[in-house]
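What follows is calculated from the coordinates using simple rules that are stated; it is not laboratory data. As the structure is a computational prediction, the values presented were derived from the model and not from experiment. Glycine also receives a Cβ, built like all others from the backbone with ideal geometry; neighbour counts cover every protein chain displayed.
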Amino acid sequence: DVKPPSRGSIPCLPRIPILGSLPWLGGGLPPHLLFSQLAHRYGSLFAFYLGPHYTVVVNNHQHAREVLLQRGRDFAGRPSMVTTNLLTRGGKDIAFSDYSPLWKLHRRLVHNSFTLFGEGTGRLQDIVLSSVDSLCVELLSGGRRGFDPSPAVTRAVTNVVCTLVFSATYRHGDAELQEVIRYNDGIVQTITRGGLVDIYPWMKVFPNKSLSKLKDCITVRDRLLTRKLEEHKASLSDGEPRDLLDALLKGQKSSQQGQKSSGLEDEGITDDHVLMTAAEAFGAGVETTSTTLLWILAYLLHHPEVQDRVQRELDENVGTERVVCMSDRGRLPYLDCVINEGMRIRPVSPVLIPHIAMTDSSIGGHAISRGTRVLVNMWSIHHNPQHWDKPDLFNPDRFLDDQGQRATPTCFLPFGAGPRVCVGESLARLELYLFLSSLLQRMSFRLPDEAPLPNLQGRLGVVLQPLPFKKRHANRKDRREEMTGREKTSFR
Ligand code: HEM
Ligand code: PLO
């Protein structure tokens, strides 16, 4: 059990035996809001006991930069949790696996495989554009009727990831695609929701509904992915990798050869690692991107003037006659700002993934003992009124400097930073850019008559998601329809 340092110690919530500070953590607020509130009372760096686990919460960006960047190595560990251990076969993935030489090798392999399909080649762009095309057709076919865009967006993003990971493209209504969406949804609802089980692992001996649902979903996932893996192994050739699974299998082979010659004793990258990585790329790729897109769409309904300005920028720099592509990105700075502002105001991962100190270290001059859990509250960093003028206002202009050039403030870290920075960042940015530019080039999002504006509070599951909302999709080619739409819709 980890003891906090006795001198110069960090303000700590009260605690009682066994429960730790849990009685002071209630009140029903989601963690990012609760921690922001507690930071007002205890200071931006404070601690509590999550059951037996001493946990430090970081709420300002200097401390966050220390934890993630300056002393990133010291804090690059991950705590072991019952639910994520089930999800990842005991940490054979990237995100939830503790720091180790094998994890480093594994992460590098994944990073290289992503680069292979990332911005370097046009492949990914083609995959995204084809999926976005079907999404546009689907949204526009809904006509004037207002409907919830979430299922169509999730389907489109899932399709991109399926193509990227194992070269499958599905048509609307495909049974396998439905299965993937269903199991993923089940995992999202139950992961780290085992609740107390993640604090007191011995509780797993008791029946737990959430945990058994998680197990069922994992079984479905594993059946599907094992089949894909076997198919890929059987048809693997010496040529270019077809997808992420191919790239991982090839990397696995060459790392095994490297290992023999360097005499490493580790078992190296096993089939389980390949499978867990594919599963994780899949889960991370779908949840984060679709959620961020939906948040931005919800904010565009609240701020039609922002939507108009993105469309003007598109009209002036791309026009309507050709498809928007990656090479247009430099000419669309305002769109970039809209994407950044969306990720600032509603970070999908508001407290990142828990970090753990791997050695004795320090934060802001306070000693931190090995084994301390560290939570970085990105929410409070992204909403700090000292660094952001009117932080609760959606204002993409804050990402432009005086000359109208893009500027990224140091207290903006939606992907984290350092050794544990998101490996999917460039992939995510590429997708967000292509999806939003293509959608807004072709259609305008409008509020249906009588419909309320989207709720911007969100709901925290494994990621911070918007609540369902409805919108209409007006084809921009049909200006008359758009005009009537504009006249009919009142936004304020
Ligand atoms: C980790 C954000 C998209 C894969 C993370 C972390 C954040 C994040 C905040 C945790 C950093 C930490 O714990 O310090 C985002 C956002 C995304 C996005 C905002 C999109 C808008 C993706 C995509 C993929 C991905 C598309 C993969 C296909 C991962 C992985 C990790 C990670 C594997 C774990 C890294 C590690 O622990 O070493 N992401 N992510 N993410 N992300 Fe993303
Ligand atoms: C989403 C559900 C999937 O079935 C499994 C999965 C894998 C990776 C997780 C992801 C889920 C949620 C979002 C996470 C991602 C790794 C990095 C990402 C936690 C649980 C973020 C935003 O940190």
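Structure data summary
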quantity	calculated
Antiparallel DSSP beta bridges within the chain, as percent of all bridges there, nearest 5	80
The stretch 1-131 - percent relative contact order, Cα under 8 Å, separation 6 or more	16
All Cα pairs of the stretch 49-104, percent lying beyond 15 Å	59
Least to most buried among Met443, Met358 (fewest other Cβ within 10 Å first)	Met358, Met443
Global geometry of the stretch 87-220, whether rounded, prolate or oblate, following the gyration tensor of its Cα atoms and the 1.5 cut on a/c	oblate
Relative contact order of the chain, defined on C-alpha pairs under 8 angstrom at six or more residues apart (%)	24
Tensor-based shape of the stretch 1-160 (alpha-carbon gyration tensor, a/c under 1.5 rounded, otherwise prolate or oblate)	prolate
The stretch 61-119, relative contact order [Cα under 8 Å, separation at least 6], %	22
Between the stretch 316-371 and the stretch 92-158, the Cα center-to-center distance that results, in Å	16
In nm, spacing of pseudo-spin labels at Asp98 and Arg312 (7 Å Cα→C-beta vector)	5.6
Set of aspartates and glutamates with alpha-carbon distance to Lys471 below 14 Å, sequence-local pairs under 8 removed	Glu138, Asp148, Asp449, Glu450, Glu482
Protection proxy ranking, peptides 320-332, 369-381, 298-310, average beta carbon neighbours within 10 Å, highest first	369-381, 298-310, 320-332
Spin-label model distance (nm) - Arg144 vs Thr115, 7 Å beyond Cα toward Cβ	5.3
Cross-link pairs beyond the 21 Å C-alpha cut-off, checked among Lys104/Lys233; Lys92/Lys253; Lys228/Lys250; Lys104/Lys250	Lys104/Lys233
Sorted largest first, extent of the chain alpha carbons per principal axis (Å)	69, 58, 48
